[in-house]
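Working notes for the structure below.
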Amino acid sequence: MTGAPLTAGAEEVPSAAPAGPARPAGRGRAGRVLRYVGGRLLTAVLSLAGVVVAGFFLFRILPGDPVRAMTEGREVSAEQRAELRRQFGLDQPLWQQFLDYALGLFRLDLGTSFQYRRPVAELILDALGPTVLLAGTGTVIAALLGLLLGVRSGWRPGSAGDRVNTTVALFFWSVPTFWLGLLLIVLFASGRDPLPGLFPTGGMTAPGVTGFWNVALDTAWHMVLPVATMVAVIYAQYLMIMRSSLMDEKDADYLTTARAKGLTDALVRRRHAVPNALLPTVTLIFLNLGQVVSGVILVETVFSWPGLGRLFYSGLSVPDLGLVQGLFVVFAASVIVMNLVADLVYPLLDPRVRP
């Protein structure tokens, strides 16, 4: 009797399928990055669209008649007022006005100012430089001051220096911006005893100043009080965020390891603790860069600074619907764009949150 084959009745093992082409290791990561960037861009676009819709209808409920304000004190007939309404599109239904406005935004046309009879985009471009100069200078100085004092306070929390720094910063943070600006004008610009008038009360340059260097020095002299007002109000944000972040990092294991290797306390703080604690503050700087453009309205109004803030105030006083709508979109877009930049930059700084 012949024996059965050894393979008889045994389960048949399926042969391995031929391996397909290997996918590149970076393809999945590239897809995640694209989805992350695309999601942030979509959020920014939807946010801006919501701002445009809300801003248009919000300013339409402001009290006051733009045409009546433009013709106040003049002999204007009812027919002339009707013609002005037709020229500015105010005789159209509200939905038609919004449709015309939205289509204009796609062409980068922000409309026409009722008050100045000029395109809103031109007015904004003329005032953008002074605002960027003032807001940028104030933000840089406030960030540097807040980070320096925040590192000192966060490395030794509870010390006398920490208590003084946080108390002074929180005091200025709670002071109304316009009140602090007026106080600085009274103390350092109006020339009241016992202090003489050291700085200009307002404006960007003195009349009659010519020459590049003379204009630059005079502009810097006019910027002292407005910049001081901005710095005093906003530097506390950077101080408190940096202080809190550094306190969280202070007792981390990697700092203990660095100390065990023989590094001095100053080196541990400068090389290891501060760079990691800077991450939340970097995000705050980007966010504030967008917010500070709209936040200088009070400072520019108090110091008669010829920027976007003062232009917005003049538009509200009429009301100049075209001007305030255009500025509202610019202010909102600056915040949205800086928020988008912060979302895109932060993963580059912190590998833990990379998509």
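Taking residue 186 as the residue in question, decide whether it is closer than 28 Å to residue 272 by Cα, without any contact (Cβ under 8 Å) to a residue 12 or more places away in the chain and among the β-branched types (Val, Ile, Thr).
Details: closer than 28 Å to residue 272 by Cα: no; without any contact (Cβ under 8 Å) to a residue 12 or more places away in the chain: yes; among the β-branched types (Val, Ile, Thr): yes.
For residue 186, the condition - closer than 28 Å to residue 272 by Cα, without any contact (Cβ under 8 Å) to a residue 12 or more places away in the chain and among the β-branched types (Val, Ile, Thr) - is not met.
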Problem - Which numbered condition residue 163 misses (of (1) open to solvent by 60 Å² or more (accessible area, probe 1.4 Å); (2) modelled with pLDDT under 85; (3) over 18 Å from residue 232 (Cβ atoms)) - result: (2)
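Listed here are the residues, each with its yes/no results for (1) touching a helix residue (DSSP H, G or I) at 6+ places or on another chain (Cβ under 9 Å); (2) part of a helix (DSSP H, G or I); (3) open to solvent by 70 Å² or more (accessible area, probe 1.4 Å).
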site: 142; (1), (2), (3): yes, yes, no
site: 158; (1), (2), (3): no, no, no
site: 173; (1), (2), (3): yes, yes, yes
site: 180; (1), (2), (3): yes, yes, no
site: 201; (1), (2), (3): yes, no, yes
site: 228; (1), (2), (3): yes, yes, no
site: 232; (1), (2), (3): yes, yes, no
Problem - Unmet criterion (only one of (1) in a loop (DSSP other than H, G, I, E, B); (2) within 26 Å of the chain's Cα centre (by Cα)) for residue 239 - result: (1)
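Any chance you could count how many residues in the stretch 145-156 are open to solvent by less than 40 Å² (accessible area, probe 1.4 Å) and not aromatic (Phe, Trp, Tyr)?
Looking only at the stretch 145-156, we keep the residues that are open to solvent by less than 40 Å² (accessible area, probe 1.4 Å), and these are 146-147, 149-151, 153-155.
Next, only the ones that are not aromatic (Phe, Trp, Tyr) stay: 146-147, 149-151, 153-154.
Residues that pass the stated criteria total 7.
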Handout entry: Close pairs (9 angstrom Cβ cut-off, 6 or more residues apart or separate chains): acidic (Asp, Glu) in the stretch 209-224, exposed (fewer than 15 other Cβ atoms within 10 Å of the Cβ) anywhere
Key = 218/206; 218/209
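Restricting to the stretch 296-312, name every residue that is open to solvent by 10 Å² or more (accessible area, probe 1.4 Å), of a type outside the set (A, V, I, L, M, F, W, C) and part of a helix (DSSP H, G or I). Lay out the reasoning, then the answer.
Here is the first cut: in the stretch 296-312, the residues open to solvent by 10 Å² or more (accessible area, probe 1.4 Å) are 297-298, 301-302, 304, 306, 310-312.
Add one more test, that the residue is of a type outside the set (A, V, I, L, M, F, W, C), and what stays is 301, 304, 306, 310.
Correct list: 301, 310.
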Handout entry: Residues of the stretch 129-140 satisfying the condition of being in contact (Cβ under 8 Å) with a residue 60 or more places away in the chain, hydrophobic (A, V, I, L, M, F, W, C) and open to solvent by 10 Å² or more (accessible area, probe 1.4 Å)
Key = 132, 133
Completion exercise
If we keep only residues of the stretch 15-69 that are modelled with pLDDT under 65, open to solvent by less than 60 Å² (accessible area, probe 1.4 Å) and not in a loop (DSSP other than H, G, I, E, B), then the residue nearest to residue 318 (Cα to Cα) is 69
Fill in the blank from the handout: The residue from 184, 123, 110 that alone is under 30 Å from residue 304 (Cα atoms) and not in a helix (DSSP H, G or I) is 110
Practice task
For the stretch 168-190, state whether one or more residues are at pLDDT below 85 and of a type in the set (Gly, Ala, Ser).
Solution key: yes
Exercise for the section: Report yes if some residue within the stretch 263-270 is under 23 Å from residue 147 (Cα atoms), among the charged types (D, E, K, R) and in contact (Cβ under 8 Å) with a residue 12 or more places away in the chain; otherwise report no. Expected result: yes
Fill in the blank from the handout: So, first residue within 19 Å of residue 298 (Cα to Cα) and in contact (Cβ under 8 Å) with a residue 60 or more places away in the chain in the stretch 163-175, second residue of a type outside the set (Lys, Arg) and open to solvent by less than 80 Å² (accessible area, probe 1.4 Å), Cβ within less than 7 Å, six or more apart or across chains; the pairs are 172/232; 172/233; 172/236; 173/233; 173/236
Practice task
For residue 241, state whether it is under 29 Å from residue 152 (Cβ atoms) and open to solvent by 60 Å² or more (accessible area, probe 1.4 Å).
Solution key: yes
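The values are calculated or read from the model by the stated rules, or taken from the named source; none is laboratory data. This is a predicted model, so every value here is computed, not measured. Note that each Cβ is placed from the backbone with ideal geometry, even for glycine, and that neighbours are counted across all protein chains shown. Side chains are part of the model used for accessible areas, which takes the heavy atoms of the whole protein and leaves out ligands, DNA and RNA. Shrake-Rupley method; radii C 1.70, N 1.55, O 1.52, S 1.80 Å.
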